[in-house]
Amino acid sequence: MNREPDIPPGRALPAEVDAFREAVRKTAYFLWEQDGRPHGRHEEYYLRALDQHRREREYDQWLEDGPDGE
């Protein structure tokens, strides 16, 4: 399971990409632990964490651009 985050070219520096990946991994681990560490569901938790971080990133970009797209 080596899914890469969707980061548009020119939008993030390599250090930001590494930080994003590490944040996703930590969130996935946290979610997995919170659910009692179920066996064989690592990909599910990774995808949930990835979705969460992508949504946060999109929201942050929306705030930065302004709600009216300005």
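Numerical summary
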item: Subset of segment 22-38 [among the acidic types (Asp, Glu), part of a helix (DSSP H, G or I) and over 17 Å from Arg54 (Cα atoms)]; result: Glu33
item: Search result, residues across segment 37-55 that are out of contact with any Phe, Trp or Tyr (no Cβ under 6 Å at 6 or more places or on another chain) and either of a type in the set (Ser, Thr, Tyr) or at positive phi (or both); result: Arg37, Gly40, Tyr46
item: Matching option when the condition is modelled with pLDDT of 95 or more and open to solvent by 60 Å² or more (accessible area, probe 1.4 Å), among Glu16, Glu70, Glu4, Glu33; result: Glu33
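The values are calculated or read from the model by the stated rules, or taken from the named source; none is laboratory data. Please read these numbers as outputs of a predicted model, since none were measured by experiment. Neighbour counts are summed over all protein chains in view; Cβ atoms, including those assigned to glycine, are modelled from backbone coordinates with ideal geometry. Heads up: the accessible areas ignore ligands, DNA and RNA and are worked out on the full protein's heavy atoms, side chains in. Shrake-Rupley method; radii C 1.70, N 1.55, O 1.52, S 1.80 Å.
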